[in-house]
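**Student:** Below you will find the structure I want to go over with you.
The values are calculated or read from the model by the stated rules, or taken from the named source; none is laboratory data. Quantities reported herein were computed from a predicted structural model and do not represent experimental measurements. When we count neighbours, we look across all protein chains shown, and the Cβ atoms used for this are built from the backbone with ideal geometry, even at glycine.
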Amino acid sequence: MTFKDLIKFSIQNLFRSKLRTMLTTIGVAIGSGALVAMVSYGTGTQKNFTDEFQDLELFNTVRITSTRVDLSTLLSFSRQTTRSTKDQKPKNEVVLTDSVLAALRDAIRAETKAGKLSAAFGATSAEPIVYPEVVFPSKLQLDTIETAVMTEALPAAMASSPGYNQIHYGKFFTSDSSDEIVISEILLNRMGLDNPVAAIGKEIKLTTISLDVEKMLNYANAPLAFAGGMPVSEQQYTFKIGGILSKDIQKLSNGFRLIMPIETSKKVNRLNFLSTLDLLRKTQQMAGYQAIIVRAASQKDAERIKGLAENMGLNPTSFTDQFNEFKKLFLLFDMALGIVGTIALIVATLGITNTMIMSIMERYREIGIMKALGASDDDVRKIFFVESAVIGFVGGVVGIVLGWLTTRGINAVANIFVEQQSGTSLDFFYFPLWLVGASVFFSVVISLLAGLYPANRAAKIEPVEALRYQ
Amino acid sequence: MSAPLISVSASPDPSAIVSAAPSHPLIDLTRITRIYNAETAPLRALDDISFSIDAGTFVSIVGKSGSGKSTLLNLIAGMDKPTSGEITVAGKVVSEMTSEQLSLYRRSAVGMIFQSFNLITSMTAAENVALPLFFSGTPEQERNARAIEMLETVGLAARAKHRPTELSGGEQQRVAIARALVTNPAFILADEPTGNLDTKTSDDITDLLSHINRHERKTIVMITHDVPLALRLSTRIITLQDGKIKTVDSH
């Protein structure tokens, strides 16, 4: 029996009970389609994230923090890793001051001069983009509407970075000490302004609160002194809307954003801590920035700058590091989806076992005849094995088509809502070539496993007994 | 026990004598015993049987049902193994073959013809005839050519594309004979080949078998309970009774 003969013979046999074969194959196709759709959702989600991050050049970012961020312990669910903060300074604690920032900038500049880093830092910047991470709570007031918002500060050089280089209305501030701010369209809508063009040049009022730490410490020593009021003061500043981040720039963040120039932010009195832990540290003479951000020209440069910062005794984390941890979560997500799909496929392949057993019972005498005519146990085993594989293969291929059609349908329906929300459409599913190949391979393998028992049972049929059977 | 190696003393066709006088018999059974259900309720289907069949002869094995005919057929066909004793075919010990070797033996040395034809209903006449060649790995074209050739031999070339259900009983048995001949086996093993056929068709089939024996010089071992038929066709008749050889008649 040649392989070609075997395939032809199996297909002929399967065609004899068309309905049964068809139903079994549809079962496998549904199972395999479910698996493909599930996995394609997983890979699609991951791809959307990765593409978005890539678009925003986040992989080119290095974040330097005052303490070492141990991502694996942060992401692990083990309790032992929670650090006791009491009285114990974390290792590698570095105060991120302006001089650290300047030293880092100098080091990057020197490295660039030595040709080890790309010289281009974006269209508008010949200088390395190194800036402190500044985020503080504030109250935004436009005409009569007020809302609370986290204000960020960025250098003017970020104007050339993706996300900020696509400002559709107005422009990104050109100076680090400008009085213009950049606001996101979504936030603007929230403030009651639906026409972004009319908003350009409009004045906004920003109210911040600041805390007199020294005064507060005094109060702490003499609690009764609180009677004199909290050591908190409010300040109000006026800015002009210079540019508007349009809705479709950041697909995955809903972006209530208010960005001011970095130097301007230094003049704003504000709470320079975000948590009680920060507050504690600051009272321990640990003033300094939360973090320093470096924007490199490429992912490769980012890795090099990370090394540079490490050599300086700093604690850098590249976005790639964070993303790799993030990917582990994706793997869990994919596995969960994959398991559900696999269960569907396994249930479907049980149908193959059932079909094959039925087929063997029907063809019991025929198997006896074939054996009497000289078919070996192995020949008979192969015939049934190949029949299972053919069902698995056809089911797998049909499953891909079925899965693809299903995901297109779901995608179309889902995008009706997505477009209403953000104005842009998104592909939730991704069909890489490996998925197509792997799913067919997988359904053939599972079908072969399903055919194992029936094939062996057929092979063991005694011709003498089978021929006596009517 | 009856002595083995009884050579053919007379044959209707002189040419058969020439081919039927080799130095070794084609099929040789020595002290064959087959006991079913050895542990629980032992049944001695065959009891210490010895005989041999020379190439080119037409041997009939007759006996009532339960005499051990079918058991003997299964043993010679290589579908069953004796409890004791030795079966040799063309010098090869069939009784000691592995399952794999037995399938090869059935495929190449034995041509089987059954009472109920045993054609595969989903296949055409030509496909049925070609089936044994399928297992031996013969290329498709050659298989088909051989099948048509064999159907011509049995006079059914015109019905090659028909399925068994579209053929009469006699035609079906002819397809089965063509299938038995297609591998050019050492001998034909026929199990009540006319048992399911009317008298007229029976005669056609027996004529065909006789023709194959005389003109193709094919050894035929036929199992039947029809003594007149055996007398008419055979060069030798072995009569079984209760698992033992009762008589051996040569003519």
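**Student:** Go through region B:184-204 and count every residue that is under 14 Å from the mean Cα position of the chain (by Cα) and not hydroxyl-bearing (Ser, Thr, Tyr). Steps first, please.
**Tutor:** At the first step, the residues of region B:184-204 found to be under 14 Å from the mean Cα position of the chain (by Cα) are B:184-194.
This time we only want the ones that are not hydroxyl-bearing (Ser, Thr, Tyr), so: B:184-193.
Summing the residues that are under 14 Å from the mean Cα position of the chain (by Cα) and not hydroxyl-bearing (Ser, Thr, Tyr) in region B:184-204 gives 10.
**Student:** Could you please tell me which pairs satisfy a Cβ distance under 7 Å, a separation of 6+ or placement on different chains, a first residue in region A:301-325 that is of a type in the set (A, V, I, L, M), and a second residue that is assigned to a loop (DSSP other than H, G, I, E, B)?
**Tutor:** Note: pairs meeting the criteria are A:302/A:296; A:305/A:296; A:314/A:94.
**Student:** Please work out if residue B:136 is at pLDDT below 95 and within 23 Å of residue A:364 (Cβ to Cβ). Write out each step before concluding.
**Tutor:** Working: at pLDDT below 95: yes; within 23 Å of residue A:364 (Cβ to Cβ): no.
For residue B:136, the condition - at pLDDT below 95 and within 23 Å of residue A:364 (Cβ to Cβ) - is not met.
For (1) under 34 Å from the mean Cα position of the chain (by Cα); (2) modelled with pLDDT under 85; (3) over 30 Å from residue A:109 (Cα atoms), each residue gets a yes or a no:
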| residue | (1), (2), (3) |
| --- | --- |
| A:271 | yes, yes, yes |
| A:288 | yes, yes, no |
| A:315 | yes, yes, no |
| A:323 | yes, yes, no |
| A:330 | yes, yes, yes |
| A:341 | yes, no, yes |
| A:351 | no, no, yes |
| A:363 | no, no, yes |
| A:379 | no, no, yes |
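**Student:** Looking only at region A:315-370, count how many residues are farther than 27 Å from residue A:304 by Cα, part of a helix (DSSP H, G or I) and not aliphatic (A, V, I, L, M).
**Tutor:** As a first pass, look at region A:315-370 and keep what is farther than 27 Å from residue A:304 by Cα: A:331-370.
Keeping just the survivors that are part of a helix (DSSP H, G or I) gives A:331-362, A:364-370.
Filter once more, keeping what is not aliphatic (A, V, I, L, M): A:333-334, A:338, A:341-342, A:349, A:351, A:353-355, A:359, A:362, A:364-366, A:368.
Result for region A:315-370: 16.
**Student:** So residue B:55 passes all but one of these: (1) farther than 30 Å from residue B:228 by Cα; (2) in contact (Cβ under 8 Å) with a residue 60 or more places away in the chain; (3) more than 9 Å from chain A (Cβ to nearest Cβ). Which condition number does it fail?
**Tutor:** (1) is the only condition that residue B:55 fails.
Results for (1) within 20 Å of residue A:151 (Cα to Cα); (2) surrounded by fewer than 18 Cβ atoms within 10 Å (Cβ to Cβ); (3) modelled with pLDDT of 80 or more; (4) touching a strand residue (DSSP E or B) at 6+ places or on another chain (Cβ under 6 Å), shown as yes or no for each residue.
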residue	(1), (2), (3), (4)
A:194	no, yes, yes, no
A:221	no, yes, no, no
A:224	no, yes, no, no
A:243	yes, no, yes, yes
A:249	yes, no, no, no
A:258	yes, no, yes, yes
A:265	yes, no, yes, yes
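**Student:** Out of all the residues in region A:8-43, which are more than 30 Å from residue A:334 (Cβ to Cβ), away from chain B (no Cβ under 12 Å) and either in contact (Cβ under 8 Å) with a residue 12 or more places away in the chain or among the aromatic types (Phe, Trp, Tyr) (or both)?
**Tutor:** Listed by number, the residues that qualify are A:10, A:11, A:20, A:21, A:23.
**Student:** Within region A:126-162, can you find the residues that are surrounded by fewer than 18 Cβ atoms within 10 Å (Cβ to Cβ), under 16 Å from residue A:258 (Cβ atoms) and not acidic (Asp, Glu)?
**Tutor:** A:135, A:137, A:139, A:141, A:145, A:147, A:148, A:150
**Student:** Right, next: Find the residue count for region B:80-106, including only residues that are buried (at least 23 other Cβ atoms within 10 Å of the Cβ) and within 15 Å of the chain's Cα centre (by Cα).
**Tutor:** 1
**Student:** Now, a different point. Could we say that residue A:425 is closer than 30 Å to residue B:190 by Cβ, in contact with an Asp or Glu (Cβ under 6 Å, 6 or more places away or on another chain) and either among the hydroxyl-bearing types (Ser, Thr, Tyr) or within 13 Å of chain B (Cβ to nearest Cβ) (or both) here?
**Tutor:** no
**Student:** Among the residues of region A:347-382, which ones are more than 9 Å from chain B (Cβ to nearest Cβ), β-branched (Val, Ile, Thr) and within 30 Å of residue B:104 (Cα to Cα)?
**Tutor:** A:353, A:355, A:357, A:360, A:367, A:380 - these are the residues of region A:347-382 that are more than 9 Å from chain B (Cβ to nearest Cβ), β-branched (Val, Ile, Thr) and within 30 Å of residue B:104 (Cα to Cα).
**Student:** Tell me which of these residue A:385 doesn't satisfy, since it passes every other one: (1) part of a helix (DSSP H, G or I); (2) within 14 Å of another protein chain (Cβ to nearest Cβ); (3) closer than 18 Å to residue A:4 by Cβ.
**Tutor:** (2)
**Student:** Then there is this: Taking the condition of being free of Cβ contacts under 8 Å to residues at least 40 places away in the same chain and touching an Asp or Glu at 6+ places or on another chain (Cβ under 6 Å), how many residues in region A:145-183 meet it?
**Tutor:** 0
**Student:** Next up: Name the helices (runs of 4 or more DSSP H) wholly within region B:109-213 that hold at least 1 residues that are more than 13 Å from chain A (Cβ to nearest Cβ) and among the β-branched types (Val, Ile, Thr)?
**Tutor:** Values: elements: B:125-135, B:140-153, B:169-181.
So the answer is B:140-153, B:169-181.
**Student:** I would also like to ask the following. Could you run through region B:72-108 and say how many residues are more than 9 Å from every other protein chain (Cβ to nearest Cβ) and part of a helix (DSSP H, G or I)?
**Tutor:** 8
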